[in-house]
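Asks: There's a structure below that I have some questions on.
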Amino acid sequence: MPTSLPNSSTKQNESDTMATMITEYFSANDTARAGALIRKGSLVVFPTETVYGLGADAFNPEACARIFQAKGRPQDNPLITHIYDRSQVSQLTRNLPPGAEILMDSFWPGPLTIVLPKHPTVSDIVTAGLDTVGVRMPRHAAALAFLKEAGTPVAAPSANQSGKPSPTTFAMAKNAMDGRAEAIIDGGPCDTGLESTVVAWSEGPTASGWTILRPGAVTREDLHSVLDTLFLPCDNSRDDSLLARSPGTRHPHYRPRAEVLLFTNIAELTTFTTTDPESKWTVIALEAETQSGKFPSTTSTSARLYPDWISLARHLYSDFYELDGENVTGIFVQTPTKHDDSGITEALRNRLLKASAGRWVATPKTF
Ligand code: TXA
Ligand code: MG
């Protein structure tokens, strides 16, 4: 384990003394200077189609160590490396597991991170001491231009303070990383709004196959449609060996300051009572839900309603951010059930279960 990183209980916050450097802002078509900063060992926040990332040269361990400091990130949580061209894969790994190339052909550039056996030259700081490295080629035009200018794989976690929702707008990225990174590229709002799907190959005594470590916009069905190999089941809350392989899943994640309570049906909200007359609650839900009933009178702040799950997912983290700014006490968030599963819903449910710490307005659900 590297010794220069903060220990796992170290957290930075908005008022600490780290946030002192001058941060430059670049527009999405001004990526050359941002790329040059990466080559000099600086930190650059950049947009992707999923969320904003906090990038450093993946082959500069000192620069990568600064990522952990800037985020207050536990040192046992590995970083994803970002590339713009398939030729860079050989810098990061020497051997590709079965089907890896099919996954790259099918989903890159795009929101799929593939965990591969790491090349010996990839630093332990990037991989948190694991023998694997996560690799992703994002689809966002400014991200690809920036990565090309950088000319080296860029290690980048989401650009939030550790534990908070990932930034999906320039304003959120600025709020999280002003004074902590040398530059931020303004790519506007992110399209997907939830982090990439992470898959890993595992070889076991009885079965080998790919496992989804984190669901995202590339869905289980998408993966099945191109790959005939086995997809092993994944339950991040129970499987210890999986936790060891995907350390990020063990830490609290995606939480706004406001309390988040989940519901599936508007009728469940009628069971909610609060003893605090000053408390402000609001709702994030599908528009269609308003046809089945009324929101409780405690929801004094106007509801955020979306035509479909894709739009709700796209705006979820920026809604959390804005509602924290309005000092709301709590947010009821409509949550897709397994029954609703298609497209983004598995990823959305995964993030909501974490944002709420599994708390429901009414009866806890068993999924
Ligand atoms: O969409 C995304 O993936 C964004 C953008 C910036 O690309 N990045 C992102 O990074 O969400 P981060 O660090 O917030 O989440 C990375 C996840 C963590 O859960 C981490 O544990 C897992 O990927 N991960 C990274 N490398 C891994 C590895 N070698 N083995 C297993 N899991 C890994
Ligand atoms: Mg993250």
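Each reported figure results from applying straightforward, stated rules to the coordinates on display, with no laboratory input. As the structure is a computational prediction, the values presented were derived from the model and not from experiment. No Cβ is skipped: glycine too gets one built from the backbone with ideal geometry, and neighbour counts run over all protein chains shown.
Asks: If you scale each eigenvalue of the Cα gyration tensor by 5 and take the root, what three semi-axes come out for the chain, rounded to whole angstrom and sorted largest first?
Replies: 33, 25, 18
Asks: Which distance in Å, rounded to a whole number, links the C-alpha centroids of region 73-111 and region 174-217?
Replies: If you average the Cα positions of each part, the centres end up 11 Å apart.
Asks: Might you report the magnitude of the Cβ-based charge dipole of region 265-367 about its Cα centre, with Lys and Arg at +1 and Asp and Glu at -1, to the nearest 20 debye?
Replies: Taking the Cα centre of region 265-367 as origin, the dipole is about 260 debye.
Asks: Please list, in chain and number order, the residues 5+ apart from VAL135 or on another chain whose amide H is under 5 Å from its amide H, with Hs placed from the backbone.
Replies: Close amide H contacts, sequence-distant or interchain: THR81, ILE114, VAL115, LEU116.
Asks: What is the dipole size for the chain, taken about its Cα centre, with +1 at each Lys and Arg Cβ and -1 at each Asp and Glu Cβ, in debye to the nearest 20?
Replies: Computed charge dipole of the chain: roughly 500 debye.
Asks: Let me ask you something else. Comparing LYS280, LYS338, LYS164, which has the greatest mean-square fluctuation in the GNM of the chain with Cα pairs linked when under 10 Å apart?
Replies: Largest GNM mean-square fluctuation: LYS338.
Asks: Considering the dipole of region 71-111 built from charges on the beta carbon (Lys and Arg +1, Asp and Glu -1) around the Cα centre, which of HIS82, ALA100, GLY110 is farthest to its positive end?
Replies: Towards the positive end, the residue furthest out is HIS82.
Asks: What are the residues whose amide H is under 5 Å from the amide H of TYR25, where those residues sit 5 or more places off or on another chain and H is modelled from the backbone?
Replies: ILE184
Asks: From the helices alone, meaning DSSP H stretches of at least four residues, give me the mean residue ellipticity at 222 nm for the chain, per-run term -39500 (n - 2.57), in deg cm²/dmol to the nearest 500.
Replies: -7000 deg cm²/dmol
Asks: Can you tell me what share of the DSSP beta bridges in the chain is antiparallel? A percent to the nearest 5 is fine.
Replies: DSSP beta bridges in the chain are roughly 40 percent antiparallel.
Asks: Loop by DSSP (not H, G, I, E, B), at most 15 other beta-carbon atoms within 10 Å: where is the longest site-free stretch of the chain for GluC sites (Glu not before Pro)?
Replies: With a cap of 15 other Cβ atoms within 10 Å, the longest stretch comes to 15-277.
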